[in-house]
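Novice: There's a structure below that I have some questions on.
Computed from the coordinates by the stated procedures, all read-outs in this text should not be read as laboratory data. Computed from a prediction, not measured in an experiment: that's the story for all the values here. In this analysis, Cβ positions are derived from the backbone assuming ideal geometry, glycine residues included, and neighbour counts consider all displayed protein chains.
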Amino acid sequence: MSGADIRLDGLQFAYPGGEPFHFSTSFDAGSFTGLIGPSGSGKTTLINLIAGFEEPASGKLYFDGVDAAGTEPAERPVTMVFQDNNLFAHLDVFTNIALGVSASLDLSGDDRTEIAGAMEKTGLSGYGHRLPRELSGGQRQRVAIARALVRDRPVLLLDEPFAALGPALRRDMLRLVSTIHKEREMTVILVSHDPADVKFAATHAAFLDAGRVMANRPVDAFFSASDIPGLQGYLGT
Amino acid sequence: MQTSAATGTKPAVLSGLTAMVCIGLAVVTPMLALIAIAPAMPDLSADYLGFVWSITRFTVLQAGLSTLLSVMAAVPLARALARQASFPGRQAILRLLALPLALPALVVVLGIVEVWGRQGWVSTVLQHTGLAGPLNIYGLTGILIAHVFFNMALAARLLVAALEQIPPENWRLAAQLSFASRHVFQHIEWPVIRSALPGIASLVFMLCIASFAVVLVLGGGPRATTLEVAIYQSLRFDFDPPRAVLLAALQLGLCAGLFALGGRMATDIAVMASVGKPARRPDQATARLTDTLVIAAGLSFMALPMLAIVLSGVTAPFDAIVSQTVFWRALVTSLLLALTAASLCLVMAWSLLAAQRTIMRRRTPSRAAALLMSSMQAAGSLILVVPPVVIGAGWFVVLHRTGLVNSAAPVIVAVVNALMALPFALRILRPAVVGQAQIHDRLCASLGLSGVQRWRLVDLPVLARSLTLAFAFAAALSIGDLGAAALFGSADFVTLPLLLLQKMGSYRSLEAAGIALLLAGFCLGLIWLAEKLRPEATAQ
Amino acid sequence: MLRFFTMLSAVVLALASPALAKDKLTIYTYDSFVSDWGPGPKIKADFEAICDCELEWVAVADAVATLNRIKLEGAGSPADILLGIDTSLTTEAAETGLFEEHDTDTKNLRLPVEWTDKTFVPYDYGHFAVIYDSEKVKTPPASLDELVNGDPGQKIVIQDPRTSSPGLGLLLWIKAVYGDKAGEAWAKLSKRVLTVTPGWSEAYGMFTKGEAPLVLSYTTSPAYHMVAENTDRYRAAAFAEGHYMQIEVAGILKSSRNKQLARKFLAFMTGPGFQNHIPTNNWMWPAGKTSEALPDAFDKLVKPSKSLLLPADEVNANRKTWIDEWLKATTR
């Protein structure tokens, strides 16, 4: 399945008592965008809106031109990997991945083959019966990515999933995501606080500040630009 | 660092040690006294032993059934409350669930009789509609209703707290993976409930084993008597200390055995209304109707007896009540007792916690330090294993031989009340003292902040809320206590619950209703004040 | 708030200040004796009018409990007199060594039995009976045996023999009628028992409130309803085996600091000043001369076909065993 394009048209949202966010931007089908910006600028809120975990107060969200209003998270063409708690602690690796296929765990032979394939791709072969607490932080996120693979949705949202990992491990994980992105031609959005990660893995970069998308451009154009308000200050260049 | 270790460490550990030894003495002395007179076991007739066997069986039976029913009712209620995060009045309902813990058992019993008694609301409705005859509340039925009232609320609160610990990502995953309600239960809720249940169930079981006022009033005679009540009766009805010893030994054995068997009890007693921002859940809308029904059922079960207390209380002849000297004496006695017990409880709790904090500060505690640490923790929850009536009975026997029962009564009751509140106070204070202070320890050390200055600038503001709450809770527990006071009550030593029991006994139900309302008002008022007065220093 | 504290401190001060100049006589008794409708308040007023003293009633749930309280407090008891135990407890009470001889003239007593006890002085007597609500019970039990073997759905409220003298009375009644078979009789009867209360007042209150159609009380109880409420709805069931008798007594404690006054009270107790209040306030038969005639209602009461009374020594020797038997039988 190839990627879907995503368009945000004046999407408004505010937490109770907080400043309102106002998002307008779009992500091309098959692009890999890194979202950067200061904390509180709305990065996580933006992808939560795309995933359907938050309801916008107004504005429109389109997947491939179709209005997503009123659709449940499970009905959207989206899979999300969180920073933490992606796994059910009492279920083993295989079952955690299998939940991506069927919530009631009714698995056909094909499903099992597919899960085995996803585990192989993410370097988890032989770990099927391990419990999450027996895995390293990097391995746990690999399980989450493997589940995203078996869900096979056009859009993959990543909310700083590698923030807790060391630099070398982080590169490995980004390479894995990059490979998957190329193979499946998914639309990938990665929230990150490290511009280097974005440069390393993404095709596009977007900058958020104070609840607005200030820029969203191809990586090369983005990092050489000097007309993006606030970016210089954020990057410290 | 050296100096702070030399000046700051020792006094804290010493005071903790002292508190531990005092608690040990307060509990162990009466035990030894009981053992000392145990050989003098006269006339234990076969009939009496048969009676003892029957009540031991009944004690376990009622506790087992109470636990089963409480937990079975608590699971759906907790699920419904956790799921319906935006249910109207949800916070108020959660607060209501925390009330029974602070309400005097005797007052609740009065409310329950008003609702479930032969002349009560439910019986009246049943008879008018011709559905069934009047209910008989005396015996096992009444005991179970009262125990479920107390413990369903406790268990439900603990379960809601456990369910709210589920990381929000789990709910997002559930939404994304289109979990149906049964999948949510199977993959998310049940694992959490299952791991919380053994602790909750053993706590409820212990509370029911040691329940006193409920069984005393609703038991309806020897048929439904528990060991706890039989201990009281052996001293107050038969005046037979050796029999009290036998019963106390049995009760102690039962509790200690269960404690050893059941292992850990619920480590976190939901005294505080510590409910976080509830998660948005994918299964909220579909389950709305059933959840509403479950919550309504639970709410009416909890609220009706409380309403009955208020309704019959407000029409009580207060002018007649306040014109009695004995009322004022009971009031003053109860207030002084509560003040003493709560202060004592806080001093003990603080000493234990400060010592533990100091020991924990060392990166690699020696084996002795680790042992000391676990003994201190054990001292704090000793009262859960050794029931208050057993401690009271032991002191009664000790003091009776020296002829000091009457003069020492208030002191013993205050100490026993303080011990009863200690596990709760520790649970309120521990996270604040140990957790928060751990964060500040290094900062304070690097700033050279220690001693009084640190207490004033850091500990007090951070702990003020927990300290007032712990104090209020201990005071409420002491004001409402019947078990310890009943053993020592006399013409010169009357507390409000004892007066209430007397009024109920002499069939002055109107005055009883007034005193019950006052008692409930005191206890809830204390908790309410503590929550109002707190400075918002903890919010960060 | 300030006013509350002023009031509070006034109360505390009043409590702490030493007793007023007058002598104070402290009497322990069961609670119904001193309730508003009981004889206590009137006797207090009458006695205080002639003694230049203050009489303080201290109410304990029921008669047996008053003795337990005295035993518990021992020589330190603030009580001068214990009033309200009956002949089933007199031997046991005397054996505690806490009471002294009464030295009161008992010649004028009018009891169905001869009085020889040197420690205790009787003040009234009566017979235990099962009282029934005639609106709910059409055919009351005609014997103890019918009560024991009757419909378990028809409930009775009884009192605990460990704290209450009617409770102990029933225990002895059943013992007197059934002897060695008392345990079995209790096992059957306990199916009819709604609840066992610590005292008489609580049981009788439950009965009049309609919680149960039967209650253990006295043959004289219906007189109260006839005189005070003008109804014969509540009646005593006459039992073929006879009724167990109770003689209620008072005694002076050795530890009393007002023995002179205490003796004065006992002498007063046997005279009309006290006895006049017994029939229509304690609803028992007076043990001494009254100066007023008994109400007509007393003529309509059930007259026991036979008075049952076990010897005090036998009761004393076996009370514990029989209570154990009761405990066992009712928990089975």
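Novice: Using unit Cβ charges (K, R positive; D, E negative) and no other charged atoms, how large, in debye to the nearest 20, is the dipole of the protein assembly as shown about its Cα centre?
Specialist: I would put it at about 2140 debye.
Novice: Quick one: Cα centre-to-centre distance for region B:167-243 and region A:100-163, in angstrom?
Specialist: Cα centroid of region B:167-243 versus Cα centroid of region A:100-163: 40 Å apart.
Novice: Taking every residue in C:188-196, how many Cβ atoms of other protein chains lie within 10 Å of its Cβ, on average?
Specialist: Working: counts 0, 0, 3, 1, 0, 6, 7, 13, 8.
Per residue, the number of nearby Cβ atoms from other chains is 4 on average.
Novice: So, one more: Assign one of three labels to region B:60-314, namely rounded, prolate or oblate, based on the Cα gyration tensor with a ≥ b ≥ c the square roots of its eigenvalues; rounded applies when a/c is under 1.5, prolate when it is not and a/b is larger than b/c, and oblate otherwise.
Specialist: Values: a/c = 2.47, a/b = 1.47, b/c = 1.68.
Cα axes put region B:60-314 in the oblate bin.
Novice: As an exercise, use a Förster radius of 56 Å and the Cβ-Cβ distance of residue A:129 and residue B:311 to find the FRET efficiency, rounded to the nearest 0.05.
Specialist: Efficiency, from the Cβ-Cβ distance: 0.40.
Novice: With no solvent and one equal point scatterer placed on each C-alpha of region C:271-332, evaluate the Debye formula and give log10 I(q)/I(0) for q = 0.17, 0.19, 0.20 Å⁻¹, two decimals.
Specialist: So the normalised log intensities work out to -0.80, -0.83, -0.85.
Novice: From the P(r) of region B:276-402, can you give the percent of Cα pairs sitting at distances over 18 Å?
Specialist: 80 percent
Novice: Further question on the same structure: How large is log10 I(q)/I(0) at q = 0.05, 0.09 Å⁻¹ when the Debye formula is applied to the Cα atoms of chain B, each weighted equally and without solvent?
Specialist: After summing over all Cα pairs, the log10 values are -0.21, -0.70.
Novice: May I pose another question? Using the per-residue mean of other Cβ atoms lying within 10 Å as a proxy for protection, in what order, highest first, do the peptides C:46-57, A:25-36 fall?
Specialist: Per-residue mean Cβ counts within 10 Å order the peptides as A:25-36, C:46-57.
Novice: Same structure, new question: Cut-off is 10 Å between beta-carbons; in what order do C:284, B:360 appear when sorted fewest neighbours first?
Specialist: Ascending number of Cβ neighbours within 10 Å: B:360, C:284.
Novice: Between residue C:138 and residue C:110, what length in nm is gained on full extension when 0.36 nm per residue of separation is reduced by their alpha carbon distance?
Specialist: 6.5 nm
Novice: Which whole number gives the average count of other chain Cβ atoms within 10 Å of the Cβ atoms across peptide A:84-91?
Specialist: 5
Novice: Are there DSSP H segments in chain B that both extend 24 Å or more along their axis (alpha-carbon positions) and score a mean Kyte-Doolittle hydropathy of at least -1.0? List them, or say none.
Specialist: Qualifying helices, which must be both long enough and hydrophobic enough, are B:2-37, B:46-83, B:140-164, B:190-209, B:241-262, B:288-314, B:325-361, B:405-430, B:460-480, B:509-533.
Novice: Something else about it: Hey, what number do you get for chain B at 222 nm if only DSSP H runs of n ≥ 4 count, each worth -39500 (n - 2.57), divided across all residues, to the nearest 500?
Specialist: Numbers: 24 runs with 404 residues, N = 540.
It lands at -25000 deg cm²/dmol.
Novice: While we're here: What does DSSP give for the protein assembly as shown in terms of the percent of beta bridges that are antiparallel, rounded to the nearest 5?
Specialist: 55 percent
Novice: According to the square roots a ≥ b ≥ c of the eigenvalues of the Cα gyration tensor, what is the shape class of region A:44-147, taking rounded for a/c under 1.5, prolate for a/b larger than b/c otherwise, and oblate for the remainder? Intermediate values should be presented prior to the final figure.
Specialist: Working: a/c = 2.60, a/b = 1.82, b/c = 1.42.
Note, shape of region A:44-147 comes out prolate.
Novice: Moving on. Lysine pairs in chain A with Cα distance under 24 Å, only those 8 or more apart or on different chains: how many are there?
Specialist: Summing the qualifying lysine pairs gives 6.
Novice: Just to be sure I understand: if I project the alpha-carbon convex hull of region A:31-96 onto a plane and average over all orientations, what area do I get in nm²?
Specialist: Mean orientational projected area (region A:31-96, Cα hull): 6.5 nm².
Novice: Taking Cα centroids, how far is region B:11-82 from region B:366-423 in Å?
Specialist: 13 Å
Novice: Could I ask something else about it? From the P(r) of region C:69-194, could you give the percentage of C-alpha pairs in the tail past 18 Å? Can you show the working numbers first?
Specialist: On the way: 5012 of 7875 pairs.
Of all Cα-Cα distances in region C:69-194, 64 percent exceed 18 Å.
Novice: Turning to a different aspect of this structure: Normalised radius of gyration for region A:86-152, please: alpha carbon Rg relative to 2.2 N^0.38 Å, two decimal places.
Specialist: Details: Rg = 10.5 Å, N = 67, 2.2 N^0.38 = 10.9 Å.
The reported ratio for this selection is 0.96.
Novice: Separate question: Using only alpha carbons, build the gyration tensor for the protein assembly as shown and give me the equivalent ellipsoid semi-axes, biggest first, whole Å.
Specialist: On the way: eigenvalues 1040, 201, 130 Å².
Semi-axis lengths for the protein assembly as shown are 72, 32, 26 Å.
Novice: How many angstrom lie between the Cα centre of region C:156-177 and the Cα centre of region B:92-107?
Specialist: 39 Å
Novice: Counting just the Cα atoms, what span does chain A cover along each of its three principal axes? Round to the nearest Å and put the largest first.
Specialist: 52, 40, 34
Novice: With viscosity set to 1.306 mPa s and temperature to 10 °C, compute the Stokes-Einstein D of chain C, Rh being the Kirkwood radius across alpha carbon pairs; µm²/s, no decimals.
Specialist: Answer from the Stokes-Einstein relation: 77 µm²/s.
Novice: Is there a simple number for the mean count of other chain Cβ atoms within 10 Å of the Cβ of residues in C:68-81, and what is it?
Specialist: Numbers: counts 6, 5, 1, 1, 9, 7, 4, 1, 5, 3, 4, 1, 0, 0.
The mean count of partner-chain Cβ atoms within 10 Å per residue comes to 3.
Novice: Could I ask something else about it? Taking only Cα atoms and a 10 Å spring cutoff, compute GNM fluctuations for chain C and point out the largest among C:139, C:104, C:219.
Specialist: Result for chain C, Cα springs under 10 Å: C:139 fluctuates most.
Novice: Which of A:37, A:65, A:52 moves the most in a Gaussian network model of chain A with Cα springs under 10 Å?
Specialist: So, out of A:37, A:65, A:52, the one fluctuating most is A:65.
Novice: A further question on this structure: Each label point is 7 Å from the Cα along the Cα-to-Cβ direction; what then is the distance between the points at residue A:104 and residue C:49, in nm?
Specialist: 9.0 nm
Novice: Of B:503/C:188; C:136/C:188; B:503/C:259; C:24/C:118; C:188/C:306, which sit over 27 Å apart, Cα to Cα? Display every interim value, and only then the final one.
Specialist: On the way: B:503/C:188 32 Å; C:136/C:188 22 Å; B:503/C:259 31 Å; C:24/C:118 25 Å; C:188/C:306 24 Å.
As for pairs spanning more than 27 Å Cα to Cα, those are B:503/C:188; B:503/C:259.
Novice: A further question follows. In whole Å, largest first, what are the principal axis extents of the Cα atoms in region B:169-257?
Specialist: Principal extents (Cα only, largest first): 68, 26, 17 Å.
Novice: While we're on this one: FRET efficiency for residue B:452 and residue C:267, Cβ-Cβ distance as r, R0 = 51 Å, nearest 0.05? Working shown, then result.
Specialist: On the way: r = 70 Å, r/R0 = 1.36.
Efficiency, from the Cβ-Cβ distance: 0.15.
Novice: Also, I was wondering about something else. Name the residues whose placed amide hydrogens come within less than 5 Å of the amide hydrogen of residue A:59, ignoring near sequence neighbours (fewer than 5 apart) on the same chain.
Specialist: Those qualifying (amide H under 5 Å, at least 5 residues apart or on another chain) are A:12.
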